[in-house]
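Input: a single structure, listed below in structure tokens.
The values are calculated or read from the model by the stated rules, or taken from the named source; none is laboratory data. Bear in mind that the values here come from a model prediction, so they are computed numbers and not experimental data. Heads up, the Cβs are rebuilt from the backbone with ideal geometry, glycines too, and the neighbour counts pull from every protein chain shown. The area values use the complete protein model at the heavy-atom level, side chains included, leaving out ligands, DNA and RNA. Shrake-Rupley method; radii C 1.70, N 1.55, O 1.52, S 1.80 Å.
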Amino acid sequence: MAPRLDFSNWWAKDTRKGNPVVVTMENPNFSVVEIDGPDSAFRPVEKSRGKNAKQVTWVLLLKANRAVGCVAWLATVLWALLGAIKKRLIHRQGVTLASEKLGKGKLLFRVIRVFLVTALAILAFEVVAYLQGWHYFNNPSLHIPKTSDLEGVLHMVYVAWLTFRADYIAPLIQALSKFCVLLFLIQSADRMVLCLGCLWIKYKKIKPRIVGDPFKSDDLEGSGYDYPMVLVQIPMCNEKEVYEQSISAVCQLDWPKDRILIQVLDDSDDESIQWLIKAEVTKWSQRGINIIYRHRLVRTGYKAGNLKSAMGCDYVKGYEFVAIFDADFQPNPDFLKQTVPHFKDNPELGLVQARWSFVNKDENLLTRLQNINLCFHFEVEQQVNGVFLNFFGFNGTAGVWRIKALEESGGWLERTTVEDMDIA
């Protein structure tokens, strides 16, 4: 039999020699650990054996510190809440501003009040019912309806509802349906007439054209060109995202610098936005552009009030035309040269409206539908009305007005937010 060469039993034998080692520390802050052999140091030690009185004291102090911090935080929140209540109810600070911002939410507040009153009424009913003992089933004054009684009540309610619906709701719905059908037929007829008119315009190739050089002057001794005085207005209010692009585009209009004045009419109530717009205006003013910044202290009348206030300046009297752009419009450099010449030798013309184009018309389905709707408005509706009726509405932006026409029509009125339809 061959000898076995397995030495695993040798290594498995207990080879501990010598006496156990006991380590003691004179410092009482440390615990005493007995090591019984070299492997005893790596054995798990009970957690309770490693704690002393000082460690327990530190743990208790830490928990007490956390509790005191929580109490201090609650006291701070309560103090801040009481301070806010004191400011609003006693000193009346911020009440006026809050009432102005929440003026449009009066209906919501009324609904909340009605809900609270109803809840309080139900609570009062519950308290009275409890005090009267209605919650006891053996109360002789308490009538518990049976299933047949409930079915009879529900049947009566359903029959009453059918009668009310047949006598009052159904005739109203039928009348509204007929009215909607009538409006649809009128709108369809209007669209049909407009489309026929547009086809006639395309067939006859009717299009407003500029004959000759509109800026050529008869004065041979002068410069030879006569550019009218044009006032450009950009009304805006808290337009942080688009103010820079609109001001930059208007300042690059191809027009003599001494014959144009740009008014940036800022109605922003945010001071940071005001400073940004002022900095942009200052930048272009240093480049030689005739541009001014105007901010109203009393913001009444929205956009119409802003335009009316700007037209009341004394220096506006020297200008013949005014071009209006919203803050999100970027006109091409030749905008004035494409629109202002139509006023020459045509004193009865009061407004030239330019067509809009959109930078995000293909972004999604909603923008495509809006583009189709507005393209119909400009290409068909306004074109047909301008050719056959000699009148069409102002779109509020991207248009040039004869200032005299604005003054004779009464100027901008502050009674409505649709100032473009009102002035038209």
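Here the dipole of segment 321-424 is about 240 debye; that uses its Cα centre as origin and unit charges on the Cβ of Lys and Arg (positive) and Asp and Glu (negative).
A probe of 1.4 angstrom, applied to the heavy atoms of all protein chains, finds Thr417 with accessible area near 100 square angstrom. For the pair segment 392-424 / segment 232-265, the C-alpha centres are spaced 19 Å from each other.
Rg and Dmax of segment 295-424, both derived from C-alpha coordinates alone, stand at 15.9, 48 Å. Stokes-Einstein, applied to the Kirkwood radius of segment 276-329 over Cα pairs at a viscosity of 0.692 mPa s and 37 °C, places its translational diffusion at 253 µm² s⁻¹. Net length available on complete extension from Glu271 to Asp254 is 2.9 nm, with 0.36 nm assigned per residue and the Cα-Cα distance removed. Put a dot 7 Å past the Cα of Asn290, heading toward its Cβ, do the same for Glu348, and the two dots end up 3.2 nm apart. Phi angles across segment 304-317 convert, under the Karplus curve 6.51 cos²θ - 1.76 cosθ + 1.60 with θ = phi - 60°, into 3J(HN,Hα) values of 4, x, 5, 5, 5, 5, 5, 6, x, 5, 5, 6, 6, 4 Hz, Gly and Pro given as x.
The stretch between Val159 and Met192 holds 7.1 nm of extra length on full extension. This uses 0.36 nm per residue minus the Cα-Cα distance. Here the simple spin-label model places points 7 Å from the Cα toward Cβ, and for Val68 and Lys178 these points are separated by 8.4 nm.
For the residue pairs Lys240/Lys337; Lys204/Lys404; Lys240/Lys283; Lys278/Lys303, the alpha carbons lie more than 26 Å apart in Lys240/Lys337; Lys204/Lys404. The GluC sites (Glu not before Pro) of segment 271-365 meeting both criteria, a DSSP state outside H, G, I, E and B (loop) and at most 15 other C-beta atoms within 10 angstrom of the site's C-beta, are Glu320, Glu348, Glu363.
Subtracting the Cα-Cα distance of Ile85 and Asn364 from 0.36 nm times their residue separation leaves 95.7 nm of extension gain. Annotation for segment 145-199: trypsin sites (Lys or Arg not before Pro) lying in DSSP loop with at most 15 further Cβ atoms inside 10 Å of their Cβ are Lys146.
Shape summary: segment 184-302 maps onto an equivalent ellipsoid whose semi-axes, from the alpha-carbon gyration tensor, are 37, 29, 12 Å in decreasing order.
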